[in-house]
Each structure stands twice: as C-alpha cells, then as structure tokens.
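A quick write-up on the structure given underneath.
The values are calculated or read from the model by the stated rules, or taken from the named source; none is laboratory data. Everything numeric here is computed off the predicted structure, so don't read it as measured data. Here the Cβ is made from the backbone with ideal geometry for all residues, glycine too, and neighbour counts use every protein chain on show. To get the accessible areas, we keep the full protein, side chains included, count just its heavy atoms, and leave off ligands, DNA and RNA. Shrake-Rupley method; radii C 1.70, N 1.55, O 1.52, S 1.80 Å.
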Amino acid sequence: MTTGILLHQRFGHSRRGQMAISALFGLSLLALAAGLVLSWRDSLPDPVATQWSGGGGADGFMSLGTFVSVLAGTAAACIALFSTIGVYWGRAESTRRLSAALNVWIGGFVGTILAGGLWVQRGLTDATEARIPVWLVAVATLGPAVLAVVAALLVPGDPHTPATDPVEPDAARAELAPDERAAWIGQAGTSRGAMVLEIGVALLTAAAAVLTQLWFMLVVPALLVLLFLAMLSFTVRVDRTGLTVRSALGWPRTQIPADEVVLASVTQVNPLGDYGGWGWRMALDGSGRTGVVLREGEALQVDRTAGRGFVVTIDGAAGAAALLNTMAGRARSDASARPDGTSGA
C-alpha cells in the first residue's frame with residue numbers, strides 16, 4: 001500500500017500508528033525531493049549554492065551530498081521530535097493532530113526548498129550565478145500546509161469516555177436547585193505583554209522582508225498576524241453540556257463533555273515556565289495537558305478521563321470550576337438513571 005493511499009485513510013487508532021503514518025508521509029516527501037536532486041548531479045555545479053543574500057545572490061556553498069545530508073537530516077530529526085511528542089504526550093487529539101500535521105509539513109517544506117533551490121542551478125557551471133526564485137519560500141510554506149491540514153483532519157478525535165467515579169465530595173460546587181439551569185460565560189484575552197511581543201515579531205519580520213527586498217518573506221508576518229488574531233480572544237462557556245472554549249475567529253475551539261470531567265479546579269499559570277509561551281499550548285511537565293494560555297495568573301483547570309487535562313487562563317475561574325463540577329455530577333446522575341447507563345450530556 002502506498003503512502004498516498006495511507007494518507008487518505010484514517011490514521012491508526014493508536015498514537016504510535018498515527019505518528020508512524022504521518023512520519024512516513026513526511027519522510028517520503030523528503031526522500032522524493034532528495035532522490036530527484038541527486039538525479040541532477042551531472043547537471044549541477046560543484047559546489048552548489050546553499051544560501052542567498054538579501055539581494056538574491058548566492059553567498060553560501062556546499063557539495064551536493066553535504067547539502068542534501070544536512071537538510072534531510074535536520075528535517076528527519078524534526079519529524080522524530082514531533083512523532084515523539086505525539087506518541088508520549090498526545091493524550092489530547094489537538095496534540096496528536098498538530099504533531100501529524102508538522103510531520104507532513106516539515107517533509108514538504110524542506111523537500112520543496114531542496115528541490116527548488118537546486119532546480120534553478122541546473123545547467124550552471126558556477127553556483128555564484130544562481131538566483132533564488134522569489135516565490136520559492138511562499139510555495140514551500142503554503143503548499144505543504146494543505147497536506148498538513150489534511151493529515152490533521154485524518155487523525156481520529158478522542159473517543160467519548162464518560163467518567164465512572166463520582167466527582168470528589170469536597171470539590172467546589174455551584175449552589176443550584178436540582179432542576180435549576182445555569183451557564184457561566186467568560187472572555188479570555190491576551191495580556192498586553194504578549195500582545196506587544198507578538199506585534200513586535202510580526203513587524204520585525206515584515207521590516208526584514210522589505211529591507212532585504214525578499215518580498216516572498218512577507219508571507220511570514222501575514223501568517224503571524226492570522227495566528228495572532230486566532231489567539232487574541234476566546235469565549236469560555238460552562239453549561240449542562242460541559243466546557244466550550246472557542247476563539248473569536250471560530251477556530252481553534254474545544255469542547256469537553258460534562259460526563260468526561262473528573263474534576264474542575266483553579267490553578268495559577270506561568271506561561272513561559274509552565275507552557276513555554278502563549279497561545280494554544282502543551283504543558284512542559286510531560287503531563288500531556290493542553291491549554292489556552294493567554295496571560296499569567298488565574299486559570300480554570302479541568303482534569304478529564306483517559307488522563308487528559310485542559311487549562312484556560314481566565315478571571316473568575318472559581319465560579320466556572322464550581323458550576324462545571326455541578327454539571328459533571330448531574331451528568332453522572334442522569335447516566336445512572338437511564339436503563340442503558342448512557343449519558344445525555
């Protein structure tokens with residue numbers, strides 16, 4: 001069965017299977033590019049140009065074999081890293097999907113850079129005459145991104161695993177009448193410090209592209225702005241269905257069913273120390289916990305079934321945690337009251 005067929009099937013149900021297939025596809029893209037450029041050996045200069053200045057002229061050179069080995073080795077190491085994260089810390093579907101997408105993207109990105117950068121040197125006797133196409137980086141970035149999105153979508157979501165044990169007796173709960181309905185809604189926003197940092201990075205990359213006249217590099221700040229807008233603000237809602245966290249753009253979003261909540265509580269978050277930065281993050285402690293980390297301080301922490309965890313930084317987390325524990329308890333009661341024991345949350 002070819003890698004192309006494997007990509008269009010659903011990835012395996014195990015983390016290892018999902019990461020193995022995405023890694024295989026990324027490495028296949030890389031191997032295809034490496035094999036292609038090595039077949040051009042007789043028509044390429046020796047050494048080949050491997051780096052270009054802001055004006056587009058070549059100013060770095062390597063032998064063909066060294067260049068291919070360095071790029072392919074770096075990409076393979078990245079794929080190994082992303083696969084390891086997906087296997088050992090991919091308890092949540094968002095982590096596994098991101099790892100699979102990165103496996104495919106890095107293989108396509110490096111493969112395109114490798115093939116495109118050497119394609120323009122075919123027929124040259126002196127690599128200093130090579131000029132890098134202005135469109136190459138944009139194509140190398142956006143083209144594989146399409147395959148990466150497909151790879152992410154093919155990774156199965158988390159199976160529904162309702163909790164069987166009751167919510168801890170001493171867990172905070174909302175004071176509601178048995179049939180009373182309630183909802184808690186809050187807004188999680190990016191801190192000023194993180195906002196300044198993100199805007200600054202986007203402006204610096206845009207300025208670098210303009211000053212060097214590498215106009216194709218403007219795709220980088222454009223993508224950064226889009227990412228910034230997606231992570232700028234999230235709506236957090238707790239109701240009878242559980243917890244819903246949704247970006248102002250509609251994506252990314254996550255929904256934790258009430259019957260999968262083991263315990264909701266309040267915690268304190270240090271974005272850099274605990275999660276390595278701001279945005280949709282994964283904890284650095286190896287727990288596999290994911291979260292929307294937009295600022296330092298108070299956060300709602302949700303421990304859920306299958307060893308998963310989720311955190312969102314937001315004011316009033318105590319009220320959200322109390323209501324979520326109440327709804328989790330109701331979901332268990334509703335399930336036990338049904339003849340088949342299923343949950344209606």
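Residues in the stretch 202-219 that are crowded, with 16+ Cβ neighbours inside 10 Å and at pLDDT 70 or above: A202, T205, A206. Checked across the stretch 82-104, the condition of being under 27 Å from V48 (Cβ atoms) and of a type in the set (S, T, Y) holds for no residue.
Only one of the listed residues (P166, P144, P156) is in contact with a His (Cβ under 7 Å, 6 or more places away or on another chain), in contact (Cβ under 8 Å) with a residue 40 or more places away in the chain and not basic (K, R). That residue is P156. For the stretch 171-201, the set of residues classified as assigned to a helix (DSSP H, G or I) and either surrounded by 18 or more Cβ atoms within 10 Å (Cβ to Cβ) or aromatic (F, W, Y) (or both) consists of A194, E198, listed by residue number. Residue count for the stretch 70-100 satisfying the condition of being more than 30 Å from V261 (Cα to Cα) and out of contact with any strand residue (DSSP E or B) (no Cβ under 9 Å at 6 or more places or on another chain): 10. Scan the stretch 149-170 and give yes if some residue there is open to solvent by less than 80 Å² (accessible area, probe 1.4 Å), among the β-branched types (V, I, T), closer than 25 Å to F228 by Cβ and out of contact with any Lys or Arg (no Cβ under 8 Å at 6 or more places or on another chain), otherwise no. Yes, that holds for at least one residue. Against the list (1) buried (at least 23 other Cβ atoms within 10 Å of the Cβ); (2) more than 20 Å from R15 (Cβ to Cβ), the condition V120 fails is (1). Within the stretch 274-288, being open to solvent by less than 50 Å² (accessible area, probe 1.4 Å) and not hydrophobic (A, V, I, L, M, F, W, C) holds for Y275, G276, G277, G279, G286, S287, G288. State yes or no: is L263 over 13 Å from the mean Cα position of the chain (by Cα) and open to solvent by 70 Å² or more (accessible area, probe 1.4 Å)? Here the answer is no, as L263 does not meet what is asked. For the stretch 139-162, the candidate set comprises residues that are at pLDDT 90 or above and in a loop (DSSP other than H, G, I, E, B); within that set, the residue that is nearest to P221 (Cα to Cα) is V155. Of a type in the set (V, I, T) and either at positive phi or in contact with a helix residue (DSSP H, G or I) (Cβ under 9 Å, 6 or more places away or on another chain) (or both): which single residue out of T66, T84 fits that description? None of the other options fit; the residue is T84. Go through the residues of the stretch 94-107 one by one and say whether even a single one is over 30 Å from T290 (Cβ atoms), among the hydrophobic types (A, V, I, L, M, F, W, C) and either surrounded by 13 or more Cβ atoms within 10 Å (Cβ to Cβ) or at pLDDT 85 or above (or both). Among the residues of the stretch 94-107, not one is over 30 Å from T290 (Cβ atoms), among the hydrophobic types (A, V, I, L, M, F, W, C) and either surrounded by 13 or more Cβ atoms within 10 Å (Cβ to Cβ) or at pLDDT 85 or above (or both), which makes the answer no. Taken as a whole, the structure leaves V238 outside the set of residues that are over 23 Å from A207 (Cβ atoms), touching a residue at least 40 places away in the same chain (Cβ under 8 Å) and open to solvent by 30 Å² or more (accessible area, probe 1.4 Å). Screening the stretch 241-260 for residues that are under 29 Å from A206 (Cβ atoms) and either over 17 Å from the mean Cα position of the chain (by Cα) or not in a strand (DSSP E or B) (or both) and picking the one that is modelled with the lowest pLDDT gives W251.
Determine which member of the set A49, A75, A58 is among the small types (G, A, S), at pLDDT 90 or above, closer than 15 Å to I113 by Cβ and crowded, with 20+ Cβ neighbours inside 10 Å.
Being among the small types (G, A, S), at pLDDT 90 or above, closer than 15 Å to I113 by Cβ and crowded, with 20+ Cβ neighbours inside 10 Å holds for just one of A49, A75, A58, which is A75.
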